[in-house]
Amino acid sequence: MDFDEVIDRRGTHSSKWDTMEELYGVSPDTGLSMWVADMDFRAPEIIQEKLRGINSHGIYGYYGDHKEYNNSIKWWMKNRHNWEIDTSWIFTTHGLVNGTGLCIDAFSKPGDGIILFTPVYYQFSNLVEAAGRKVLECPLKLIDNQYHFNFVAYERNLSGDEKMVILCSPHNPGGRVWTKNELQEVAKFAKKHDLVLVSDEIHHDLVYPNKSHTVMPIADPYVCDRLVMMTATTKTFNIAGAHSGNVIISNPNLRQKFSQRIKALGISPNSFGLFMATAAYSPEGAQWLDELMHYIDGNRVIFDREINKIPGLSSMPLEGTYLAWVDFSGTGMEEKEFIYRVQEKAKIAVNHGSTFGTGGEKFLRFNLATPRTLVVEATKRLKDAFSDLQ
């Protein structure tokens, strides 16, 4: 796989490149797109081979016989995450944003509180509010440029109306790979306050060589009576357009509730997503993933080294994901000014930290899953945009 190849995505209906000017005022002709979490790399050859076979057949009917698909998920979870699952636990949704929305719908009612550890993926709060539930922000504590939980503070803010807690593991946008002990504390919190725990682990394969991700059922098997696991191939293999995700529920009561909502809303999976996921969860997919993480790790080292040379900027050390979280608080600038410098001067489209909730106001998120030349170019542009501080 040639991760260095620069592939022109402009004019391909790419959300990442074809909406950056509308959303961020950065032209795709002169700018760099480093916002939405998809990669500028081709998917593994085994996925492309599968799609070529489907296309040559020329019939695109309903998908049937999920055995191979379900077994590929079972195989991957066992081999990559040491987690034994039963294929009867698996539900397939139209991505994990859809999966999260279904969880909110199935396991809470309007007016209920949903706990989020902020800053966190902005779609969570959007979904909660759109569903008529209440967001309870529990801000993560920043210690030595790393996020930590603060359950003593969280418990002081509970009203008793909370019914669910959504965990992002690994954390987006901070890139933390939570330790087993930290995950056990989350589980303890959920059990103590009788909360359904939704663990969004979409980034669980995107972990750097010196780190190890622990899936929640392994961290605490006793939380499974209230646990909903969410996983997907889409982030791992850059197939987000397939809109395919898995909600995995071992508890039969929760599984029944979720099943009823799936049936009531008439949800069935996209066949292309199932074919792609089955191909991805394979030895060939695993080899591609290992090569990918080695490459992005190189991007991470370069980006962090160069960003941390700019006075007032600090890149949070990434343990997982390909999303760098850069702190601009040391510049003394208001959000509008450092965003102006990044977007108008450096011409880089990035996610604004304030959209991730409390704690994100002085940050911007940069996508490093792009050819190395573009990462190097981005650091040069940022140095120029903040040259007066040097």
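The values are calculated or read from the model by the stated rules, or taken from the named source; none is laboratory data. These figures come from a predicted structure and were not determined experimentally. Quick reminder, even Gly has a Cβ in these numbers, built from the backbone with ideal geometry, and neighbours come from all protein chains shown. These area figures cover heavy atoms from the full protein model, side chains too; ligands, DNA and RNA do not enter into them. Shrake-Rupley method; radii C 1.70, N 1.55, O 1.52, S 1.80 Å.
Quick check: is even one residue across segment 328-336 touching a Phe, Trp or Tyr at 6+ places or on another chain (Cβ under 7 Å) and either of a type outside the set (Lys, Arg) or more than 30 Å from Lys50 (Cα to Cα) (or both)?
Checked segment 328-336: at least one residue is touching a Phe, Trp or Tyr at 6+ places or on another chain (Cβ under 7 Å) and either of a type outside the set (Lys, Arg) or more than 30 Å from Lys50 (Cα to Cα) (or both).
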Restricting segment 370-390 to residues that are in contact with a Leu (Cβ under 9 Å, 6 or more places away or on another chain) and not in a loop (DSSP other than H, G, I, E, B), the one farthest from Glu22 (Cα to Cα) turns out to be Leu389
Per the filter on segment 206-217, residues in a loop (DSSP other than H, G, I, E, B) and open to solvent by less than 10 Å² (accessible area, probe 1.4 Å) are Leu206, Tyr208, Val215
Taking segment 347-369 and keeping residues more than 21 Å from Asn126 (Cα to Cα) and either out of contact with any strand residue (DSSP E or B) (no Cβ under 8 Å at 6 or more places or on another chain) or part of a helix (DSSP H, G or I) (or both) leaves Ala369
Residue set Glu84, Glu22, Glu5; condition of a type in the set (D, E, K, R), open to solvent by 90 Å² or more (accessible area, probe 1.4 Å) and assigned to a loop (DSSP other than H, G, I, E, B); output residue Glu84
Pairs returned, first residue in segment 72-98 that is more than 17 Å from Val215 (Cβ to Cβ), second residue that is of a type in the set (S, T, N, Q) and open to solvent by 40 Å² or more (accessible area, probe 1.4 Å), beta-carbon separation under 8 angstrom, 6 or more apart or interchain, are His94/Asn270; Val97/Gln123
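Is it the case that segment 275-288 has a residue that's part of a loop (DSSP other than H, G, I, E, B) and farther than 16 Å from Glu68 by Cα?
no
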Heads up, the strands (runs of 3 or more DSSP E) in segment 95-197 (entirely inside) with at least 3 residues that are touching a Phe, Trp or Tyr at 6+ places or on another chain (Cβ under 8 Å) and open to solvent by 10 Å² or more (accessible area, probe 1.4 Å) are none
* Return yes when Asp220 is of a type in the set (D, E, K, R), surrounded by fewer than 16 Cβ atoms within 10 Å (Cβ to Cβ), farther than 18 Å from Asn70 by Cα and touching a helix residue (DSSP H, G or I) at 6+ places or on another chain (Cβ under 9 Å) and no when it is not. => no
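Report yes if Trp76 is at pLDDT 95 or above, of a type in the set (Phe, Trp, Tyr) and open to solvent by less than 10 Å² (accessible area, probe 1.4 Å), otherwise no.
Working: at pLDDT 95 or above: yes; of a type in the set (Phe, Trp, Tyr): yes; open to solvent by less than 10 Å² (accessible area, probe 1.4 Å): yes.
Against the criterion (at pLDDT 95 or above, of a type in the set (Phe, Trp, Tyr) and open to solvent by less than 10 Å² (accessible area, probe 1.4 Å)), Trp76 qualifies.
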Filtering segment 29-51 down to residues that are open to solvent by 20 Å² or more (accessible area, probe 1.4 Å) and assigned to a helix (DSSP H, G or I) yields Glu45, Ile46, Gln48, Glu49, Lys50, Leu51
Residue pairs within 7 Å by beta carbon, gap of at least six or interchain, first lying in segment 195-224 and closer than 22 Å to Pro317 by Cα and modelled with pLDDT under 95, second β-branched (Val, Ile, Thr) and in a loop (DSSP other than H, G, I, E, B), listed first then second, are Lys211/Val177
How many residues of segment 316-346 are touching a strand residue (DSSP E or B) at 6+ places or on another chain (Cβ under 9 Å), of a type outside the set (A, V, I, L, M, F, W, C) and in contact (Cβ under 8 Å) with a residue 40 or more places away in the chain? The answer is 7
Only unsatisfied item for Ala242, checking (1) surrounded by fewer than 20 Cβ atoms within 10 Å (Cβ to Cβ); (2) more than 24 Å from Glu162 (Cα to Cα), is (1)
Of the residues in segment 370-390, those that are of a type in the set (Asp, Glu) and in contact with a strand residue (DSSP E or B) (Cβ under 7 Å, 6 or more places away or on another chain) number 1
For segment 347-381 the number of residues that are out of contact with any Phe, Trp or Tyr (no Cβ under 8 Å at 6 or more places or on another chain), without any contact (Cβ under 8 Å) to a residue 60 or more places away in the chain and open to solvent by less than 20 Å² (accessible area, probe 1.4 Å) is 0
Considering residues that are free of Cβ contacts under 8 Å to residues at least 40 places away in the same chain and either open to solvent by less than 50 Å² (accessible area, probe 1.4 Å) or under 22 Å from Asp384 (Cβ atoms) (or both), the number found within segment 284-314 is 4
